[in-house]
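The values are calculated or read from the model by the stated rules, or taken from the named source; none is laboratory data. Note that the structure is a prediction, hence the values are computed from the model and not measured. Note that each Cβ is placed from the backbone with ideal geometry, even for glycine, and that neighbours are counted across all protein chains shown. Calculation scope for accessible area: heavy atoms of the full protein, side chains included, ligands and nucleic acids excluded. Shrake-Rupley method; radii C 1.70, N 1.55, O 1.52, S 1.80 Å.
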Amino acid sequence: MLVLASASPRRKELLGLLVKRFEVLPADIDETPKEQEEAKEYVVRMAVEKAHAASRIYKQKNHHLDSSVIFLASDTSVVVDGCILGKPESLEDSRSMLRRLSGRSHQVITSLCLCNINLEYVATECVVSDVSFRDISDVEIDQYWKTNEPKDKAGSYGIQGLGSIFVRSMSGSYSAVVGLPLYETAELLAQFGIHSLEEMSHE
């Protein structure tokens with residue numbers, strides 16, 4: 001049994017490319033960065049804490065526990081000038097983020113954590129991609145906000161949607177920028193005995 005510790009429809013869709021059957025169990029945690037915490041350390045900590053939280057919730061809901069249950073969690077952050085950009089809370093917040101990203105490059109850091117239910121084995125991975133934006137006008141930012149797309153996205157944009165019109169170029173993992181790095185996820189799943197191609201060939 002594989003459990004995805006995320007409410008993200010994008011992560012669910014991407015994981016579905018690798019694994020046929022899995023359960024979704026979102027885990028709410030405090031996502032406030034610690035003082036002087038590096039971006040990579042932050043995103044890995046977020047993934048680990050999400051996986052651990054999901055395992056606790058699963059234990060509370062299931063009296064007959066299966067020790068083979070595996071939890072997968074991920075976190076994505078947009079980073080510019082060493083500053084972590086989370087999800088915008090308002091139009092003004094979105095304007096501030098996109099103005100900061102306009103006409104320059106930034107990093108998208110996505111982490112992974114896989115662990116078993118008793119946390120005896122925890123594996124993590126971190127993927128860094130570089131994204132370069134063209135210049136974005138304030139009018140475009142306001143129009144983009146009205147589409148609702150940026151409201152639940154780190155850095156206030158979605159590369160898999162309309163936000164792609166701002167992207168001049170990118171280097172790294174496209175699926176990681178969307179929210180779940182497929183290559184690295186498949187590698188970690190294999191460490192836990194879940195082989196993606198084998199899963200799909202049994203359909």
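General remarks:
- Residues whose amide H comes within less than 5 Å of that of R104, counting only those at least five positions distant or on another chain, are F133 (H built at 1.01 Å from N in the peptide plane).
- Inter-label distance, nm, simple model (7 Å from Cα along the C-beta direction), S67/S132: 5.3 nm
- Here K34 is the anchor, and the aspartates and glutamates within straight C-alpha reach of less than 19 Å, apart from those fewer than 8 places off in the same chain, are E49, D75, D81.
- Carbon + sulfur, % of accessible area of the stretch 65-135 - ligands and nucleic acids excluded, 1.4 Å: 41 percent
- Antiparallel content of DSSP bridges confined to the chain, in %, to 5: 85 percent
- Checking every one of the trypsin sites (Lys or Arg not before Pro) in the stretch 94-203 against DSSP loop status and a limit of 15 other Cβ atoms within 10 Å picks out R104, R134.
- Options V108, L15, A47, ranked by Cα towards positive dipole end of the chain, top entry (Cβ charges): L15
- Spin-label model, V24 to A7: label points 7 Å out along the Cα-to-beta-carbon direction sit 1.1 nm apart.
- Helices in the chain, meaning DSSP H runs of at least 4 residues, each add -39500 (n - 2.57). Divided by all residues, the mean residue ellipticity at 222 nm is -10500 deg cm²/dmol.
- Flagged links, alpha-carbon separation over 19 Å, of K40/K87; K40/K151; K20/K151: K40/K151; K20/K151
- Ranked by how many other beta carbons lie within 10 Å on average, peptides 5-12, 33-40, 46-53, 106-113 from highest: 106-113, 46-53, 5-12, 33-40
- Against the chain, whose longest principal axis comes from its Cα atoms, helix 91-101 is set at around 80 degrees.
- Between T32 and D142, full extension at 0.36 nm per residue minus the direct alpha carbon distance yields a gain of 36.9 nm.
- Residues M1, M170, M97, sorted by accessible area with the largest first, give M1, M170, M97 [1.4 Å probe; ligands and nucleic acids excluded].
- Net dipole in debye of the stretch 1-44 [+1 Lys, Arg Cβ; -1 Asp, Glu Cβ; about Cα centre; nearest 20]: 500 debye
- In sequence order, calculated HN-Hα J values of the stretch 45-55 (Karplus, 6.51, -1.76, 1.60; Hz; x Gly/Pro): 4, 4, 5, 5, 5, 5, 5, 5, 5, 5, 5
- The distance separating the Cα centre of the stretch 33-52 from that of the stretch 147-167 comes to 23 Å.
- Between Y183, Y174, Y157, the Gaussian network model of the chain with springs among Cα atoms under 10 angstrom shows the greatest mean-square fluctuation at Y183.
- Loop-resident GluC sites (Glu not before Pro) (DSSP state other than H, G, I, E or B) in the stretch 80-178 with no more than 12 further Cβ atoms inside 10 Å of their Cβ: E89, E120.
- Sequence-distant lysines (8 or more away, or on other chains) whose Cα lies within less than 18 Å of K59: K50
- Largest to smallest accessible area among K61, K20 [probe 1.4 Å]: K61, K20
- Considering only L188, L162, L101, the mean-square fluctuation computed in a Gaussian network model of the chain, springs between alpha carbons under 10 angstrom, is largest for L162.
- Magnitude of the charge dipole for the stretch 64-203, about its Cα centre and with charges confined to Cβ atoms of Lys, Arg (+1) and Asp, Glu (-1), is about 640 debye.
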